[in-house]
Amino acid sequence: MKLLNSLPRILLSCLLGLVGPTLPLAELLAAPFPVVSDRFAPSTELAVEILATELVDGWRGGWKLSNFSPAAYDPAEPADWPPVVIRGTGQRNNPLRRQLSRVYSEDELFVGFRFVYQPNPLATKQDPEFFVLWLDRTEGSDHAVHNFGVPNIGIHQADRGVSKGRNVFMLRFGSGQTAWSQHELEPGKTYRLIARLSKETPGERNDYSQMELWINPEPESREQPNLKINRQAGVHQIHWIGFATGAKTEAEDRIRVGDLVLSSSWEEAYQFLYATRPNANDKQQKPKFAWTETVSFKRDIYPLLQENCFECHAGDFPDSGYRLDVRSELLGHSTGHALAVPGDSRNNPLLHVLTSNSDTERMPPDRESLSEQQIALIRAWIDQGLDWDDKLLPEPRVESQHWAFQRVERPEVPQTDGIAHQNPIDAFVAARQQELGLTSSETADRRTQIRRLYLSAIGLPPTESETEQFLKDQSPEAYARLVDNVLASPHAGERTARMWLDLVRWGESEGHQHDIPRPFAWRYRDYVINSFNSDKPYDQFLHEQLAGDELQPTTDEAVIATGFLAAARISGNQMDKGLQRSDVLFDIVDNTASALLGLTMECAQCHNHKFEPITQRDYYRFYAFFSRGQMGNIRLLNTENPAAQEIQEWFTKGSYKFYLSEARKLKIDPAEYPAHTWGYYSPVTGSQDLEYLPVVNRSPLPYSPEFLKRVETHILIRGDVRSPGLRVEPGWPAVLGTIPSELVPTPRQALAEWLGSRDNPLVARIWVNRLWQMYFGHGIVATSSDFGTHGSPPSNPELLDWLAVELMENSWSTRHVQRLILTSNAYRQSATFNAENYALDPENIHLWRWPQHRLQAEAIRDSLLVVTGELNRKVGGPSVAPHHDEQELRRTIYLSQRRSELPDVMRMFDGPEALRSCSRRETSTVALQPLYLLNNPFVVKRATLLADQIGDKAGSDHRRQIQLAFSRVLGRAPTPSEVKRSLAMLDSHAADAESERRTLTQFLHSLMNLNEFVYLP
Amino acid sequence: MALNLLLQQDHAWGSPSSSSATLKPHFPPTAKSVIFLFMSGGPGHVDTWDPKPQLSKMDGEPVPDSIVANVPNIPRSGVNSKLMASPFGFQKYGQSGIEVSELLPHTAQHVDDICVFRSLNHRIPVHGPGECLTLTGSGLGDRPSMGSWVTYGLGSPAQNLPGFVMLSSQETGPAAQRPGWASGFLPARYQGTVLDNQQGIPYSEMPPLYSERDRRKQLDFINWMNERHLEEQTQNSELLARIESYELGFRMQMEAPEVLDLSTESAHLQKAYGIHEKATAAFGRQCLLARRLVEQGVRFIQLRNGGWDAHGALKSNHISRCKATDQPVAALLADLKQRGLLDETLVVWGGEFGRTPTTEGSRKGDSRGRDHSPAGYTMWLAGGGIQGGQVIGATDELGFVPVERPLSPHDLHATILHTLGIDQHQLIYLHNNRQEIPTVLGGEVIHEALKSG
């Protein structure tokens, strides 16, 4: 076949007399002739000028030499060394390059050449080198770097991997995409290289994306390249070939090259490079050994694996992610990638890596290959059914000693000497402090207490009358009553909801480039607020969010709750619908695991987790919970639809116009839609009463119930959606608990059940820790979304567990835990500094004083509106577009949350970007923040209004103004020295009413800028 | 590695403790500042900087198979449409005789200072990711912008201004991509500050209620109160940092309006920038401002000009885009040169891609436009150690793909960093236990573009 194909070329070559002079005729007839070749024989001496238009041997024109440092024809002893010498230059040089007579864009090309490297003999230490053959569309120049997507074959000093620092053979498509071999360059040795360049997607205009390299190939290594690189974006045509040296190759270095061939087959290239050898095809290719006796795992295989493999491929966290000491792992259980199929030794990854010539593939790495006998043994073992000894290597039980994966038990409340703690939290805190020699602070004064409580529990400062009322109530229960009232306020739900929305990376748009609005995403925001306000049990809260579309009877509330799963972003540019779908599912898995389980699952998307007991199988089992549904507009059954004109008021004019124009392109009219929400729905397991309405996006994900019914989840090998491995069924990470054989009534409901079960080790701990962090600024576990083995250990494990049990045993009441925390002395204590405590615990991890921290963005803006009395305290409803802000004066949580147009105050003061789950907000301090508070018209207007109010009340009495101002803005009376300093500030040296008012405004504006104003007291 | 350690410390703008510190480059720089003129939407290279006489001859014909084969298989590469001659003529300018479109008569006067790269290419035919690629090196928008890397690496000599500023004009067409001026995984203080066209530094315009004296008095009061508050809260560095940020904010506010106030420039110069004319006023103002920012030591200035996405009616679109930008760009180059600043200021011009040599769809006459062409397009550099008056690279006779010296946006990034004295491989930031560098996805310095070679 091969011969037939190449026959015309042979004839043509013969006719033109282009056969290289060293090739005898007999061999020519026996072997197919290469497409293009050059033996650098004297007749094609480099000095001979060949016109650029002349066609020679498949070339167009002659060799072009670098003016900078040309290659030279210089045959030398020993006589079989290649005749052309390239000298290093200490910089990029293309000494020798030549154009092909035509452009090659075939799906596969082979290139071969011969060379000897003679490095500087005087170099004393490891001398880095760079020398390649490149194949490019264009010639470049003497110094051009054939880099971006250009196939390079040659030598370079490895910058990573086991060969790091050594000069090894490598393949690359540009410097960022290199495959390093472990074949070290040996000076003075003649090398013959063959490289195969191919297009994984065939087609004239598609990229060359893959290269394989054979170093000194033998016929039997045809299927066994020494090195491979694939899935690259390379050039799609080859028109020029050239050699290049780099900065690392110095003037003293010499490289001799010869026998260059470009061909359509490996054999042609091989024949050309080894023209003087007997016909390679005669060589025996069958394995020498075959094992016919019965293999015993214990006797024959185990010692072999132990000696050669177990160092890296055994134990809980093998470096490689693959383990060979567990039979199910050989079968691909956790990675989806079967290493051996019993009874079938052909196409078998285990044997493949043991016998591969490719340095990037062969096992064991960096040492001798297994003997042929050993390989025969393994082949027989596989063919005979993969015998195993369960006593020797039992299937390990999935378990972990990590504290956070153990069931939560109720700890004893500690008894601390002589102190009676009303609130068990304080007993736990005091016990820890006593161990460390710390003492806690006195309870803060009552004004501080109410201000702190309001700001941290509802995100708003108390009004003057609320403060006065509390101060008047001298009963011992006054504070507890205040906590109850505050937690019963609808604003407490808003505050806790904002924390939840951070975790959910909630936003009102699709994200990515177009960021098209999702008009009804606000319903989910209200669901969260209402849930906290009604103290919905946390387990039920999770249940609705994970399976709201499945619950019977179908309620709008539960359907809206699926906005949790639907808060993922989606690109409108992704034309590969498989990728578009999996990107959203990855986002859902990662976010759900992070927010609810405190696990960094995303690492297991491509391989078994490197340090958590989470396998790739765990990842895709979790993924399987969500893969049969899709986010979109879900019809509501008992909800009124707002008028279409109203919707345009929820977004900036530009973004809504964009939304409408994209809808028109899709030929849909959302104004005609019945009432709906932005949620998640599975037509397979969800209620059949529900309906999925088309989504507006540049290129939306298609919705097809038939498709979703057929969906099966497979482990994606290396996370690649195009490489499905073993099929999996829904399940949670095995280390966290047994997965029942049947998940009833549906998998997602079973997941929710399991999350809310008393035995779940993580869910309650994580939630109480988040509540703790919400009030104190830091959690008991500082890494509040990472409870894995690399997360921070709890500063007070007993306290954490006690709170978790309190949550679970009190019907998962969030408010119960909030009340416990807010009534503790740890929360109520003052921020007073204490040098002794500071010396022992400078970070205040053990809460020897109140940990001051800045208000969040929302509380800063909302506080301003409370101070002026303007805040519109309406709860819920559609979001407010920026241009309606000043009319509506709603809480910041209700400002429109299109991801690319988040409210200024949130951008300025570390609000989350709604891209990834935000478990804790940072506090950055930059100079634009003071400018915002000093110059933003919104803030200035608040100061002006307040000046009017106070001016009207106090007239021109500066002292009275100061009293009123401190009370209103800071919730306290001024000290005498503050009065004095404030009087100086108010002294305007001008008696007219206008300048008086202006100075008063400036004074009030100043108070709004104080650290005291933007920090929790 | 010593540099690496140094870079971990606070030093750039936004960090109140040492706002003005700058770091040493790796080798002597030829540029101190960069002005990146980003033409969003994609200017047609065959209509501006890459003349194609052959294209004029073949107007209305299909693309020859021989050329089609050379075009990589990128969506919307335009090879199945009819060729469209550029509606604009070209002529030679300067000593170098480089041909420039009649659309750019002013910029063309400076062609001897400009190094034209006619062989840019990449594989992303979509605006958002293309913009991210051009400004960050990755189409995913997950890496820091070049401006952030530069301010991270070198700090900024500008005492009272941000080290990296972004200004936007003609905001029609594809939305600005935040990653283009965001700091990615670098600390937030290295992100670009978006200057408002009216306000300049955001929120730096003092309300009418204040005189400068009032503001000083107010800040003294705030400081006094904050100091008292701090006394009660010993050992709170956050509070201290906040106190200091007020002083820095104040300096910025005082300085910024002065820098942004263009009225102190001569009428002659304002006219040169086109500030008096409606078409050129917006971009002219920004170009003039860019020069003033350079004078203040601002390290990286990005001017984003939108509206170049001429899928239809390319002729009128490019006439109006070029009218709006040509004179201001030329005035910027002249002004920088006249003040001796061009030698230390690198000016970069270009979009996220070019436009196809074919027309898009079946439109006729002047309603014809062109699709996106990442497979071949033009950008240019001037000043900052760049050897002007030369063309590097070439596309084929119709302008589809590079046939000489193909270049990637990464090569441009490496070159920008090089002129600033930064070795792209040594500018390291440790992120998630990985040593990140700005050109992790490749890129080589385009040495022949440099005066020093």
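The values are calculated or read from the model by the stated rules, or taken from the named source; none is laboratory data. Because the structure is predicted, anything quoted here is derived from the model rather than measured. Ideal geometry is used to build each Cβ from the backbone, glycine not excepted, and the neighbour counts take in all protein chains shown. What goes into the accessible areas is simple: the full protein's heavy atoms, side chains included, and nothing from ligands, DNA or RNA. Shrake-Rupley method; radii C 1.70, N 1.55, O 1.52, S 1.80 Å.
Given 0.36 nm per residue, what is the gain on full extension from residue B:435 to residue B:254 after removing their alpha carbon distance, in nm?
Working: separation 181, 0.36 × 181 = 65.16 nm, distance 3.90 nm.
The residue B:435-residue B:254 span can extend by a further 61.3 nm.
Given a Förster radius of 41 Å and the C-beta distance between residue B:109 and residue A:657 as r, what FRET efficiency does 1/(1 + (r/R0)^6) yield to the nearest 0.05?
0.50
Considering Cα pairs under 8 angstrom that are at least six residues apart, work out the relative contact order of segment A:626-715 and quote it in whole percent.
Once normalised by length, the contact order is 51 percent.
Anything in chain A that counts as a DSSP H helix reaching 24 Å or more along its axis (C-alpha) with Kyte-Doolittle mean of at least -1.0? List them, would you? Working shown, then result.
Working: long enough: A:937-954 (25 Å, 0.18).
Membrane-span-like by this rule: A:937-954.
For segment A:937-1014, what size does the Cα cloud have along each of its three principal axes, sorted from largest down, in whole Å?
32, 31, 20
Go ahead and estimate [θ] at 222 nm for chain A from helices alone: -39,500 (n - 2.57) per DSSP H run with n ≥ 4, summed, over the residue count, rounded to 500.
-9500 deg cm²/dmol
Partner chain Cβ atoms within 10 Å, averaged over the residues of B:236-245 - can you pull that number for me?
5
So which lysines pass the test for residue A:980, namely a Cα distance under 20 Å, with those fewer than 8 places away in the same chain ruled out?
B:217
Within segment A:794-819, whose backbone N sits under 13 Å from a point 7 Å along Cα→Cβ of residue A:738?
None, by backbone N distance to the label point.
Just need log10 I(q)/I(0) for segment A:494-755 at q = 0.15, 0.16 Å⁻¹, Debye formula, equal scatterers on the alpha-carbon atoms, no solvent, rounded to two decimals.
Reported log10 I(q)/I(0), two decimals: -1.12, -1.28.
Only helices at least 24 Å long along their axis, Cα-based, and averaging -0.5 or more on Kyte-Doolittle count here, so list those DSSP H runs from chain B.
Membrane-span-like by this rule: B:237-260, B:278-295, B:314-338.
For residue A:644 and residue B:172, what is the calculated FRET efficiency with R₀ set at 30 Å and r taken between the beta-carbons, to the nearest 0.05?
0.70
Just read off the accessible area of residue A:63 with the full protein assembly in place, 1.4 Å probe, to the nearest 10 Å².
Surface open to solvent at residue A:63 totals about 30 Å².
Rolling a 1.4 Å sphere over the protein heavy atoms, what is the accessible area per residue of the protein assembly as shown, to the nearest Å²? Each step should come with its number before you reach the end.
Values: 56950 Å² over 1470 residues.
On a per-residue basis, the protein assembly as shown sits at 39 Å².
With a 1.4 Å probe and all protein chains kept in place, how do A:263, B:263 rank by accessible area, largest first?
The ranking, largest first, comes out as B:263, A:263.
Considering amide H positions built from the backbone, and no H for Pro or chain starts, which residues 5 or more places from residue A:889, or on another chain, come under 5 Å of its amide H?
Amide H neighbours of residue A:889, under 5 Å, 5+ apart: none.
Rounded to two decimal places and with Rh computed the Kirkwood way over Cα pairs, what is Rg over Rh for chain B? Working shown, then result.
Details: Rg = 22.9 Å, Rh = 22.8 Å.
With Rh from the inverse mean 1/r over Cα pairs, Rg/Rh is 1.01.
With every protein chain left in place and a probe of 1.4 Å, what is the accessible surface of residue A:816, to the nearest 10 Å²?
40 Å²
Please identify which residues in segment A:304-320 have an amide N closer than 16 Å to a label point set 7 Å out from the Cα of residue A:389, following the Cα→Cβ vector.
Those under the cut-off are A:304-308, A:310.
Count, for each residue of A:999-1009, the Cβ atoms from other chains sitting within 10 Å of its Cβ, then give me the mean as a whole number.
Per-residue shielding by partner chains comes out at 4.
How do A:985, B:254 stack up against each other in accessible area, from largest to smallest, with a 1.4 angstrom probe? Numbers along the way, then the final one.
Numbers: A:985 0, B:254 45 Å².
Sorted by accessible area, descending: B:254, A:985.
Residue A:164: which lysines have alpha carbons under 23 Å from its alpha carbon, excluding same-chain residues fewer than 8 sequence positions away?
In chain and number order, the partners are A:125, A:189, A:228, A:248, A:610.
Within segment B:435-449, what residues put their amide N at less than 15 Å from the label point 7 Å along the Cα-to-Cβ vector of residue A:159?
In segment B:435-449, the label zone of residue A:159 (backbone N under 15 Å from the point 7 Å along Cα→Cβ) covers B:435-445.
For the protein assembly as shown, what D do you get in µm² per second when you plug the Kirkwood radius from alpha-carbon pairs into Stokes-Einstein at 25 °C and 0.890 mPa s?
Roughly 68 µm²/s, to the nearest whole number.
How about segment A:188-210: which of its residues lose at least 20 Å² of accessible area in the presence of all protein chains relative to their chain isolated, using a 1.4 Å probe?
Residues passing the criterion (a loss of at least 20 Å², heavy atoms only) are A:204, A:205, A:206, A:207.
Once you treat every alpha carbon in segment A:873-1006 as an equal point and sum by Debye, what is log10 I(q)/I(0) at q = 0.18 Å⁻¹?
The calculated log intensity ratios at q = 0.18 Å⁻¹ are -1.06.
By how many nm would the segment from residue A:51 to residue A:409 lengthen if fully extended, with 0.36 nm per residue of separation less the alpha-carbon distance?
Separation in residues times 0.36 nm, less the Cα-Cα distance, equals 120.1 nm.
Would you mind getting me the FRET efficiency between residue A:576 and residue A:189? Use the beta-carbon distance for r and R0 = 41 Å, nearest 0.05.
Calculated value: 0.35.
Quantify, in whole percent, the carbon and sulfur part of the accessible surface of chain B (1.4 Å probe; protein heavy atoms only).
Carbon-and-sulfur percentage of accessible area, whole number: 50.
Which aspartates and glutamates, if any, have their Cα less than 14 Å from the Cα of residue B:57, not counting same-chain residues under 8 positions apart?
B:397
Figure the gain on full extension for residue A:606 and residue A:473 (residue separation times 0.36 nm, minus the Cα-Cα span) and round it to one decimal in nm.
41.8 nm
Around residue A:831, with a cut-off of 10 angstrom between Cβ atoms, what is the net charge of the other residues, counting Lys and Arg +1 and Asp and Glu -1? Don't skip to the end; give the middle numbers.
Values: positive: A:452, A:849; negative: B:232.
With Lys, Arg at +1 and Asp, Glu at -1, the net is +1.
From the mean inverse distance of alpha carbon pairs (Kirkwood) and the Cα radius of gyration, derive Rg over Rh for segment A:297-383.
The Rg/Rh ratio comes out at 0.92.
Of all alpha-carbon pairs in segment A:183-250, indicate the percentage at a distance above 20 angstrom.
So the portion of pairs separated by more than 20 Å is 46 percent.
Run the helix sum for chain B: -39,500 (n - 2.57) per DSSP H stretch of 4+ residues, divided by residue count, reported at 222 nm to the nearest 500 deg cm²/dmol. Could you put the intermediate results ahead of the total?
On the way: 13 runs with 147 residues, N = 453.
Dividing the helical sum by the residues of chain B leaves -10000 deg cm²/dmol.
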